[in-house]
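Comments concern the structure below.
Read-outs: derived from the displayed coordinates by stated rules, not from any lab. Just so it is clear, the structure is predicted and the values come from calculations on it, not from any experiment. Glycine also receives a Cβ, built like all others from the backbone with ideal geometry; neighbour counts cover every protein chain displayed.
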Amino acid sequence: MAMATTTTTVRRSSTRAPGAWSGIAAKRRASLWVIIGTFATVLSVAAAAAIQMRKDHAIALEQVERESRSFVAVTGALLTNALDRTQTMLARGSRISPGAAIATDPALINVVATDALGNVAWDKNGTPIAPRRLSDLTLLRKLSTTPETVRFVAGTFADNEFGKSPFAVAMRSGNIAGQYMFALIDPRYLTSLIESVQGSRSVGVVLADAQTRRIASTTIDDALYAQVAAVIPATASTTPSLRYISEGGANYLTTTRAIPGYDLRLVTIVRAADALSGWYQSLPLYSIMIFGPSLLGAALAWALLNQMERTSRVDGALRRTEERFELAVSGAKCGIWDWDIAHKRLYWSGAMNALLGRGKQPRVLSLDEAQDLIHPDDRFVLAAIESSVRSGADSYDRSFRAKHADGHWVWMRAKGQHYRTLRADDGRLSGIVIDISDQK
C-alpha cells in the first residue's frame, strides 16, 4: 500500500517535471508581453486622442479668431458709417436750421458753429443773444493748423455751456469761409450701435480714442479693460490684430481694429472659455478616450500581475515540495523517471542521476541514450515494458542494471504505472526507480 501511494505521488509530481519550469517561464513571458501590449495599446489610443484633441482645439481656436476678426470688422464698418453720416450732416448744417440737424441725426448731442477764434455763431439753441465763446479750443486749434485738404479732425470736446462729449468731430464749413463746425457725438448712441451688433454674443466691445480711453462700450470690468489697454498696439490699422491676455485666472482674446479717418480704436474682448465652449463640450469624450483605456489597461495589468504573483507563490510551494520529495527519495536510494512513449524521451530526476553518480540535476534523455546506460544483458527491459503496456498492462515492475559514472553496474528496480493523456494515445510511464544493489 505504501509503494502504491508513493507511486501515485510520483506520477502526479513527475507529470509536470520534463517541461514544467520552462512552461511556467513561457507563461510568465506571455503575461509580460500581454501587459506590455496592453500598455502600448493604451498609450497609442491615449496619444491618438490627445493629438486629435489638440487638433480640434487648434481648429476651434482658429474659428474663434476668424469670427473675432469678422465681428470687429462689421462693427467697425457700422460705426464708420454712423460717423460718416455725421460729417454729411455737418456739411449740410450751414444750409439748414441747427435744430433740424440735431433732430435728424440721433448720434448728435449738439452742433456748434464758430469762427477761427471760437466765437459761437449758432448751436442747437439757435444764434446766441449775447456773444459767446468756446472754452475748449483744442479741436479748433488742431483743425486750424492742418492743411486745407484735411476734411475733419476728431477728439474729445468739453464745454460747460455747449456740452461735453468723449468724442466730437470738427470740420471746416463748406459754405462760409472761416467758419468751423463741431458735432458732439452722443456716446449712448454709439453704445446702442455696438450692442445691436453684439446681440447675444458673450463678447465685450469698446470704442476708444488714440490714448485707449473709452468713448463707448458694453459692460466691461475696469480691471479687465486696463489689462487690454496695456496690450493694444500703439498704431492700430484696419487689419484686426489679436492678443491673448490673462485676468483673474481666466484667459481672454482681444481684437483691435482702427476706425479709418477718426483716430479711434475698436476693441473686442471675449473670454476664451466662452468662445471655445463647443470644444470644451467635447472634452468628456476625449477624457473617456484617454482615461477609459488607461483604467482598463491598468485593471488588466493588475489582474495579470496578481495572477503572476499567485502563480509564483504556487510554483514556489510546488518547487519546495518537489525539493523535499527529491531529498526524501534520494535518502531512500530512489529516483523518479517519466517515460514519454510517443516521443521516446525519458525524464530522470536529480535523485535518479545521483544513484548513477551523474550529478544531481534532472535530465531528459532520448530512448537511445537511456539504452546505452543499461547493461547489455538487460537492454530488453525497456522494450519489454513498452510492449506490456501496449498490450494493455496498467503497471510495470522490472529490474535491470545501469552503468554508474565510475564504471560499475547498479542494480535497479523500476516500478510504476501507465496512463494515457489527451494529447497522445500511447500515454506515459511514470514511477520510481530503487537501488536494489544491496539486496542483489
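Based on the alpha-carbon gyration tensor of the stretch 106-155 and its eigenvalue square roots a ≥ b ≥ c, which shape applies: rounded if a/c is under 1.5, prolate if not and a/b is larger than b/c, or oblate? Because a/c hits 1.5 or more and a/b fails to exceed b/c, the stretch 106-155 counts as oblate.
The trypsin sites (Lys or Arg not before Pro) of the stretch 178-251 that meet both conditions, a loop assignment by DSSP and at most 16 other Cβ atoms within 10 Å of the site Cβ, are Arg201, Arg213.
Full extension of the chain between Arg319 and Gln307 gives 2.5 nm of extra length, using 0.36 nm per residue less the Cα-Cα distance. Here the gap between Arg379 and Leu300, fully extended at 0.36 nm per residue and compared with their Cα-Cα distance, gives a gain of 23.0 nm. Reducing the stretch 344-376 and the stretch 164-203 to their Cα centroids gives an inter-centroid distance of 110 Å.
Note on Lys403: lysines with a C-alpha under 27 Å away, same-chain residues under 8 apart excluded, are Lys333, Lys344, Lys360, Lys415, Lys440. Take 147-153, 359-365 and order them by the average number of nearby Cβ atoms within 10 Å per residue, most first; the result is 359-365, 147-153. Packing, as the average of other Cβ atoms within 10 Å across residues, places the peptides 155-161, 168-174, 124-130 in the order 168-174, 155-161, 124-130, highest first. The aspartates and glutamates whose alpha-carbon is closer than 16 Å to the alpha-carbon of Lys55, local same-chain residues fewer than 8 away aside, are Glu65.
Ignoring aspartates and glutamates fewer than eight residues from Lys124 along the same chain, the ones with Cα atoms less than 13 angstrom from its Cα are Asp105, Glu161.
Rounded to whole numbers, the Karplus 3J(HN,Hα) couplings from phi for the stretch 382-392 are 5, 5, 5, 4, 4, 5, 5, 6, 5, 7, x Hz, using 6.51 cos²θ - 1.76 cosθ + 1.60 with θ = phi - 60°, and x at Gly and Pro. Remark on Phe157: its backbone amide H falls under 5 Å from those of Ser165, Phe167, Ala168, a criterion applied only to residues 5 or more positions apart or on other chains, H modelled at 1.01 Å from N. When each of the peptides 235-242, 224-231 is scored by the mean number of other C-beta atoms lying within 10 Å of its residues, the order from highest to lowest reads 224-231, 235-242.
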